[in-house]
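Worksheet for the structure shown next.
Each value in this text was obtained by applying a stated rule to the coordinates, not by laboratory testing. Remember, it's a predicted structure, so these values are computed and weren't measured experimentally. Please note: Cβ atoms are built from the backbone with ideal geometry, for glycine as well, and neighbour counts cover all protein chains shown.
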Amino acid sequence: MFFLPLYDDNPSRPAYVTWVLIAACVAVFLWQSGLDPQQARLVSLQYGMVPGLLFGNADLPEPYRVIDPWLSPLTSMFMHGGLLHLGGNMLFLWIFGNNVEEALGRLRYVLFYGLCGYAAALFQAALDTASLVPMVGASGAIAGVLGAYALLYPKANVRTLVIVIVFFRIVTIPAAAILIGWFLMQTISGLQTAPQAGGGGVAYFAHVGGFVAGAALIFVMRRRGVQLFNPPRTAAFEITPITLPSQRRGRRGVPDSGTDPWDKPWTRR
């Protein structure tokens, strides 16, 4: 079974900050894509979050240290390890970021996003404070957006593509079911891979830390008058079949009678 959120039913004002964040991540990824593998590795160490450098428990030669280690959680938020990594993050930010931006206001949203990113980085780095494995990606900051959305609009419905083998349907699923389910999956996966500290290449505890930070910060950072636990605008669990356009169309000047007009009628029996 495969789930892919497509969009929610919450209208919002133009989300300029969210759009800029997406554009910045895409621009940095395009720049990264133009690097050769050796340069890409160097850039990841220079601008990714390296726990050992952050906590001062490890060191790297001078060419790898171009910024203060405490700036690396910020720069790492705009870097990604591949197209799927970027695409998944930007999809979730596109779906859920606009309403959180509106609930916070643009300036506070920028601060909120950064704080969630730092919380996520520290949560992950605490697993191995001497690690020299760089962490990159906006996942932790976006997890904070998801945590905030889960409290603001838990009953909002998200149009989700559900695929079961050859079964394709779009189902409206409450945001709480999707986001809390996602959070539990990250927590379980993180606990299963905790002995590896790196999570097998995925920073699960960065997602967990970012989500918790976002859920906590929305209580104190939301604009005055913005309520939590807002009601839904549409009914949940509506199922929409995905249909292909009909291929039977009458040709110009020839009625669509259900038979092939180009077939020779005198040979039909």
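Summary table below
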| read-out | value |
| --- | --- |
| Cut-off 9 Å between beta-carbons: net charge of the residues surrounding ASN157, Lys and Arg +1, Asp and Glu -1 | 0 |
| Total charge dipole magnitude, the chain, about the Cα centre, Cβ charges on Lys, Arg, Asp, Glu only, Debye to nearest 20 | 1260 debye |
| MET185 versus LEU4: modelled label distance in nm, points set 7 Å from Cα along the beta carbon direction | 1.4 nm |
| Förster-model FRET efficiency, 25 Å R0, VAL26 and ALA130, C-beta, rounded to 0.05 | 0.15 |
| Segment 158-222, relative contact order in percent, only Cα pairs under 8 angstrom and at least six apart counted | 21 percent |
| Of the DSSP H helices in the chain, those whose Cα atoms cover at least 18 Å axially and whose Kyte score averages -0.5 or more | 16-33, 83-104, 106-125, 139-152, 175-193, 204-221 |
| Euclidean distance between Cα centres, segment 141-192 to segment 101-132, Å | 20 Å |
| Calculated FRET value between ARG169 and PHE229, using beta carbons and R₀ = 22 Å, to 0.05 | 0.20 |
| Cβ-placed point charges (K, R +1; D, E -1), dipole of segment 26-172 about Cα centre in debye, nearest 20 | 580 debye |
| Dipole-positive endmost among LEU146, GLY225, LEU191 within segment 2-242 (Cβ charges, Cα centre) | GLY225 |
| Where chymotrypsin sites (Phe, Trp or Tyr not before Pro) in DSSP loops with at most 13 other Cβ within 10 Å are excluded, longest remaining stretch of the chain | 1-228 |
| Relative contact order %, the chain, counting alpha carbon pairs below 8 Å whose residues are six or more apart | 24 percent |
| Length-normalised contact order of segment 61-219 in % [C-alpha pairs under 8 Å, at least 6 apart] | 30 percent |
